[in-house]
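The values are calculated or read from the model by the stated rules, or taken from the named source; none is laboratory data. Please read all numbers here as calculations on a predicted model, not as lab measurements. Here the Cβ positions follow ideal geometry from the backbone for every residue, glycine too, while neighbour counts run over all protein chains shown.
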Amino acid sequence: MCCFSVASPIGWAARLVRAFTPPVHVSATNIFARMVAPGSQVLAYGMNLDTKQPVAMILPLPVVVGSGEDAVTFISLEKQPHMFERFHALFEFAQTSRSKGGLSRSLPRQKLVVHQVGSFIASYVPTHDDFTRLDEQFRIPEVLFDAVPAYADYGFAVFQFQPGKKTIHPMAMRFPTRAPEQLFFPTVHVHDGRFKQTAKFDHSLYYQTKRRTAVGEYIPSGAFENDEVAWMAPTDSYEGLVEANDAMLRRKLRKRLPNADTWIAA
């Protein structure tokens, strides 16, 4: 799920301005997932973002229930802003050589830790109820919990971005997953405060799995379970996210699809 939330405007004039402000626009979403240890998944998320005001992005995570506030480890990829471009180049045979390297609500509640992760800040929200410990601009629309009941006991990674049109360097994290046999990709869309049954996807899902460790064959298209296999394997571990020299796989989602998260066997 990719949910964006902006601060609530104060006063009728501010609300009027917001009514005519273009919504958050997201494109070219790239997500990477890998099981780095039994029950431990890494996830990296990159995108193009165009927003006229500060915005928070909220990603649900299927963490093991009761894992606590330190369950998620954020990983800075500020020095690896072109990671997904390099992943893409692995699949482009002719271009590969040119690629660039809980407390009572009545008691005061301690604020959640804010992490500086490269060029943005992030927090981990361990439960739905803990959203009250974040600033109002980070609050997730309640409609999402009604539409996607599974999120009721998820944890949430929250990132804050400043206004502008930019390519966000990959956001990465490691978490204890409740589904160790599957890789989780947050692909549900909530960009305007409303959940819709279908959504237009512009996603590339990259992953590695021990079920497929060799690089693609030199045939028109290497394939594994209908997903693409890169012509070449990555040579960088990208802060431990990637298994260097193992096959990289890709699934493209480029059309209107049911608005749901994606799971791929690990």
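A few remarks follow.
- Here Ala172 clears all of (1) at pLDDT 85 or above; (2) over 14 Å from Leu59 (Cβ atoms) except the condition numbered (2).
- Only residues that are among the aromatic types (Phe, Trp, Tyr) and either in contact with a Ser or Thr (Cβ under 8 Å, 6 or more places away or on another chain) or at pLDDT below 85 (or both) were counted in the stretch 120-131, giving 2.
- Residue selected from the stretch 198-218 under the condition surrounded by 18 or more Cβ atoms within 10 Å (Cβ to Cβ) and assigned to a strand (DSSP E or B), by the criterion modelled with the lowest pLDDT: Ala199
- Residue within the stretch 80-87 that is polar (S, T, N, Q) and at pLDDT below 85 present: no
- Within the stretch 132-141, considering residues that are part of a helix (DSSP H, G or I) and modelled with pLDDT under 80, the one farthest from Met47 (Cα to Cα): Glu136
- Extreme residue, modelled with the lowest pLDDT, among residues of the stretch 219-229 that are touching a strand residue (DSSP E or B) at 6+ places or on another chain (Cβ under 7 Å) and either part of a loop (DSSP other than H, G, I, E, B) or surrounded by fewer than 17 Cβ atoms within 10 Å (Cβ to Cβ) (or both): Ser221
- Within the stretch 142-188, if we keep just the residues that are assigned to a strand (DSSP E or B) and β-branched (Val, Ile, Thr), the residue that is surrounded by the fewest Cβ atoms within 10 Å (Cβ to Cβ) turns out to be Thr167.
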